[in-house]
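The block underneath contains the structure these notes are about, expressed in structure tokens.
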Amino acid sequence: MGKKKRSKIPQRRHDLAVSQGFRCCYCGEKFTKAGTPGAATLEHRNPKMHGGTNARENLAAACQKCNQDRGRRMQMAKQRKEKAKGAALLTSIQPQTAE
Ligand SMILES: [Zn+2]
């Protein structure tokens, strides 16, 4: 019986993890078992929404924690930009409260 064919992504992720010494490209922690926060995930250095590609140079292995963190931070940066607009408006009309 032949080997089961797996999708290319995990293989690529595995290759990347190996080439990084099984360490996260962000925090440098060793990868842990799949399904745990320290598990290896495929990371796009330049996100697809910013024109990033699936080229090897644009890919890195990051732990799940950092990957999620990064996604959250990008989301927050976006929200902060929108909030800053509103805050600028607010501070211009808010009276100074001196204690
Ligand atoms: Zn990490």
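Quick notes
- Among H44, H50, H14, the ranking by other beta carbons within 10 Å of each residue's beta carbon, starting with the fewest, stands as H50, H14, H44.
- Count Lys and Arg as plus one, Asp and Glu as minus one, and take only other residues whose Cβ is under 13 Å from that of Q20; the net charge is then +3.
Bear in mind these aren't lab numbers, they're just calculated from the coordinates by the rules spelled out. Because the structure is a prediction, the values reported are computed rather than measured. Glycine also receives a Cβ, built like all others from the backbone with ideal geometry; neighbour counts cover every protein chain displayed.
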